[in-house]
Amino acid sequence: MRKLTLLALLLAALMLNACGSAPATSAPAEAPAEPVSLRVGWMGFPDTLNPAYAFLTESYTMFDLVYSTLMTESQDGSYVGLLAESRSVSEDGLTWTYKLRPNIQWHNGEALNAEQVAWNINAFIQNPDGWATNSGYVIGFTEARATDSNTLEIETEFPVSNMDYRVSFLYIVYPPDFEAFSTPEDLQNFTNFSPIGTGPFKMTVLDKDQRIILLDTNPNYFEGPAKIDQLVYQTFDNTDALVQALKVGDIDLSGEIPDSAFAAVSGFENVKAVSLPGRSLTELILNAAPEDHDPAPTRNPALQDPQVRLAIATALHKQDLVDVVLQGNGVSGVSIIPPTLGGGYWYNKNIQDVAFNLEEANRILEEAGYAKGTDGIREKDGIRLEMRLQYPSDQSNYPRAADMMANWLAEAGIKVTPEAVDPDSLVVATNPNADYDLVIWGWGSDPDPDFMLSVMTSEQYVEGGWSDSGYTNPAYDELYLAQQQMIDPAERQKAVWEMLEMVFNDRPYIVLWYGNILQAYRTDKFTNFLESPIGIDSFQSLLQVEAVP
Amino acid sequence: MTKQDYLLRKISLALFTILVVALVNFLLFRILPGDPVRAVIGRNVKISAEVQASLRQQFGLDKPVFPDQFLATMKQWASGNLGVSWSLRKPVSEILLSKLGNTLLLIGLGQVFSILLGILLGLLAGWKHKTGWDVAALTFSLVAWAMPTFWLGIILLAAGSAWLGLPTGGILSPQNVGKPLHTVLPDLAKHLVLPTLTLTILYLGEYMLIMRSSILEVLGEDYILTAKAKGLSQWQVLWRHGLKNAILPIVTMIALNLGFTVSGAIYIETVFSYDGLGKLFQTALTKQDYPLLQGAFLLLAVSVIFANLLADLLYTALDPRIKAN
């Protein structure tokens, strides 16, 4: 009996320890009676709220709510001023001037001034090792300065074509919070769980042990306060529980409904499921690494034959993949820039996709000299069309896609063997080892075309670079560098479209589909969400959402 | 061998095992394919190769595994420091401690209920051998033991949240976070019902089966016959002579299970979005966060080895035959 008492005491002590640990921030502020609280369920938790070292999308969701940027992407894909009321660029394209809105306040009541914004940008420029995540956005920036308390100038060493996009990722932090750190390590170890920003919501509680975040509406927000009083973020570790929480009303909004559950969620009472065109793409990578790559590529040599690549493209029924794998929640893919980027401005509508036609695929291969053997597999000069078809094991819908693709390709006389591979091993296999034939993988594209275009440059096919196909085309590389400095959007569009055609015709990638964003919310609790490619959970949407009366 | 010698030998063996495990862990994670810097930053779009190189340098990954990385890690451990997690950017010991409380609370409750119920049911089944009671308890235990954790959890979650209004996940409701413990106890209890129930059902079968076979064996012994012949009541026979002897295998099993407790019940934690050590182990592995992985596996190894040591020591205390030898 004494042992049991001891056990009970031990458990009680543990409970005290588990629950009594204070959250990372101060206790919640005094809330008004019955605040209107929107509860969001999500599958992650921000590991840091320090923009210097943030890699998870959850961190960026919080940055959007708590901080502000000079410009931001709007629902139609264009850029609009946020902290900046207006912006202009000098004739030589090297000096950008931002006029800040008057009367912007930090969450602590202090006024924001241009010196503080300049301090931020100069810190990113001068300490790229410390501000690791910001450093990529300020390449080519030389200096920022405040000419008066409301005017900011940024100097660049060359004209920057995507300046609006770049500054839309530079979250302006409260300088006193960040001034003290002397080494990159100290700066990055600062988790900043009580951020002071200028954004529409203020952090009141961030409990990393319970994984709950409470944010109050900022009544002094410069664009007018949100119509709800409070935002609550609760973490779920599996999608079934998340969907169940939405069904029983434990949460009001989920920004990540899995493909497989979407139909079921659409049928829930008082729940609206929305399928919005997004910015992600899924592609088939064909090993295009140069022959002189070190280490030498390990692949089926037939992949270097453009006719074989064309035949593979002809044998893939992309619409079928969308209908079966995504259950209709997406569109078939063509080029590496999804149709939503810049509201469709960067999508090359002139590219005609190869039509699915198995007879044509067989004819192309026959003409190219690949004859069918007795086992139905084609062969030319001793090279059999037998290939590996690998995909990362953490993606739930790739196995189905791989099986469907294997069946079509078999009918064209190409034998592929689907295989799930650990994603870390697959990174190494594609770059730098070049040891693969075909890989299914995807990207979440940036709002600007620059990143997706960079993935195809030969400069990125180095260890730590982003190229996985190994595509090498000097004309493409040259255009890539040129488009970075084209301030005239029409001129840049022409260059981008030309690059998209090169990739489409050379086929290091066959883009399979663009997946939709699947989200859902409780219609009995909230209304007036903004349905657009930036999602119903974007800060713009949360600013206008209202409780159902 | 004196008792002190025996103890000393057991403890030094345990320490030696921990040392070996720590060394194996150091090597094991470095054999994994992939690049930890890439794993930590994910497919993040704006980290240049130069910044990645600077992070690699910060983590000490630019130096050879032997001797540099190895010596640096050993030096750190020798000073009692487990390092700083690369992905969470906090001291490893702090992270482990914060999750340990959650895990011990959940698994502790589950273990206590399953041990008590398991012993009781096992005792009942053994005592009422070959009756309806026995068959029912045996069937229930076998089914419970064989049920997939994830499946049982999801079924209980769906039923409990829809019919009983129990929470779908987490440890506390958002509005109660940060409040004093005594005011949120009912909410905490509500959150613990489903995961504890799942754990209890899953562990119960194992304890019940061992207890049943153990009591059956004991009840066939001569001294039980003697006790009955002395005119003791059935209850006295069972309690004083049966249970005390039959409990030994259960004690071993409890001690061993407690060792594995700190590894968390990863499936249960995942189903009920319960933020414990199991979930942490998984995150550390996917992020290839060497300091966190090493720390977590060291904690796991130490707990298992000490639980084994505890089982050995308990056995010496409980079983007079071992004491005599």
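According to the square roots a ≥ b ≥ c of the eigenvalues of the Cα gyration tensor, what is the shape class of chain B, taking rounded for a/c under 1.5, prolate for a/b larger than b/c otherwise, and oblate for the remainder? Judged from the Cα gyration tensor, chain B comes out oblate (a/c at least 1.5, b/c at or above a/b). Amide H contacts under 5 Å for A:TYR509: A:LEU286, restricted to partners 5 or more places along the chain or on a different chain, H placed in the peptide plane at 1.01 Å from N. Going by the alpha-carbon gyration tensor, a ≥ b ≥ c the square roots of its eigenvalues, is region A:163-313 rounded (a/c under 1.5) or, if a/c is not under 1.5, prolate (a/b greater than b/c) versus oblate? It comes out oblate by the Cα gyration axes.
What FRET efficiency comes out for the pair B:VAL251/B:LYS130, r = Cβ-Cβ distance, R0 = 35 Å, nearest 0.05? Walk me through the numbers before you get to the answer.
Details: r = 27 Å, r/R0 = 0.77.
So the FRET efficiency works out to roughly 0.85.
Between B:ALA14 and A:ALA410, the modelled labels are 5.7 nm apart [label points 7 Å from Cα along Cα→Cβ]. Summarised as an ellipsoid, the protein assembly as shown has semi-axes of 53, 35, 28 Å, derived from the eigenvalues of the Cα gyration tensor scaled by 5 and square-rooted, with the largest first. Could you tell me how far the Cα centroid of region A:146-204 sits from the Cα centroid of region A:73-90, in Å? Centre-to-centre distance over Cα atoms comes out at 17 Å. Exposure proxy ranking for B:LYS99, B:LYS128, B:LYS230, based on other Cβ atoms within 10 angstrom of each Cβ and starting from the fewest, stands as B:LYS230, B:LYS128, B:LYS99.
The residue among A:GLY44, A:LEU284, A:TRP466 whose Cα reaches farthest toward the positive pole of the charge dipole of the protein assembly as shown, with charges on the beta-carbon of Lys, Arg, Asp and Glu, is A:GLY44. Counting only residues at least eight positions apart within a chain, or on another chain, the aspartates and glutamates with an alpha carbon under 19 Å from that of B:LYS10 are B:ASP312, B:ASP319. Residues whose amide H comes within less than 5 Å of that of A:ILE517, counting only those at least five positions distant or on another chain, are A:LEU276, A:GLY278 (H built at 1.01 Å from N in the peptide plane). Remark: mean inter-chain Cβ contacts per residue of B:48-54 equal 6, using a 10 Å Cβ-Cβ cutoff to other protein chain atoms. Cross-link pairs exceeding 20 Å in C-alpha to C-alpha distance, out of B:LYS63/B:LYS90; B:LYS99/B:LYS287; A:LYS227/A:LYS247; A:LYS208/A:LYS272, comprise B:LYS63/B:LYS90; A:LYS227/A:LYS247; A:LYS208/A:LYS272.
The alpha-carbon of B:LYS128 sits under 19 angstrom from the alpha-carbons of these lysines, leaving out residues fewer than 8 places away in its chain: B:LYS228, B:LYS244. Charges were assigned to the Cβ only: +1 to each Lys and Arg, -1 to each Asp and Glu. The resulting dipole of the protein assembly as shown about its Cα centre is roughly 4940 debye. Short-range pairs are left out: with C-alpha atoms under 8 Å and at least six residues apart, the relative contact order of chain A is 19 percent.
Rounded to the nearest 5, what is the percent of antiparallel bridges among the DSSP beta bridges in the protein assembly as shown? Just about 75 percent of them are antiparallel.
Taking a sphere under 14 Å around the Cβ of A:GLU411 and counting the other residues whose Cβ falls inside, with K and R at +1 and D and E at -1, yields a net charge of -2.
Legend: mean number of C-beta atoms from other chains within 10 angstrom of residue C-beta atoms, peptide A:206-218, equals 4. In what sequence do B:HIS241, A:HIS293, B:HIS182 fall when counting other Cβ within 10 Å, fewest first? Sorted ascending by nearby Cβ count, the order is B:HIS182, A:HIS293, B:HIS241. Return the distance in nm (one decimal) between the two label points of a simple spin-label model at B:TRP239 and A:GLU366, each offset 7 Å from Cα along Cα→Cβ. For B:TRP239 paired with A:GLU366, the spin-label model returns 9.1 nm.
A simple spin-label model places pseudo-atoms 7 Å from Cα toward Cβ; at B:GLN4 and B:MET147 they are separated by 5.2 nm.
Residue by residue along B:99-106, Cβ atoms of other protein chains within 10 Å of the local Cβ number 5 on average. Sorted ascending by nearby beta carbons within 10 Å, beginning with the fewest, A:THR235, B:THR226, B:THR252, A:THR523 become B:THR226, A:THR523, B:THR252, A:THR235.
Mean residue ellipticity at 222 nm, helices only, chain A: -8500 deg cm²/dmol; runs of at least 4 DSSP H residues each add -39,500 (n - 2.57), and the sum is divided by the number of residues. Other residues whose C-beta falls under 15 angstrom from the C-beta of A:SER275 contribute a net charge of -3, scoring Lys and Arg +1 and Asp and Glu -1. How much net charge surrounds A:LEU82 when only the other residues with a Cβ under 12 Å from the Cβ of A:LEU82 are counted, with Lys and Arg +1 and Asp and Glu -1? Residues near A:LEU82 contribute -3 overall. Using the alpha-carbon centroid of each, what span in Å lies between region A:443-480 and region B:198-219? Centre-to-centre distance over Cα atoms comes out at 61 Å.
Using alpha-carbon pairs under 8 Å, 6+ residues apart, how would you state the relative contact order of chain B in percent?
28
Among the helices of chain A (complete DSSP H runs), which have Cα atoms covering no less than 24 Å along the helix axis and a Kyte-Doolittle mean of at least 0.0? Qualifying helices: A:2-20.
Just so you know, all these numbers are worked out from the coordinates, no wet-lab data involved. Keep in mind that what you see is a predicted model, and the values were worked out from it rather than measured. Note: ideal-geometry Cβ built from the backbone for every residue, glycine included; neighbour counts use all protein chains shown.
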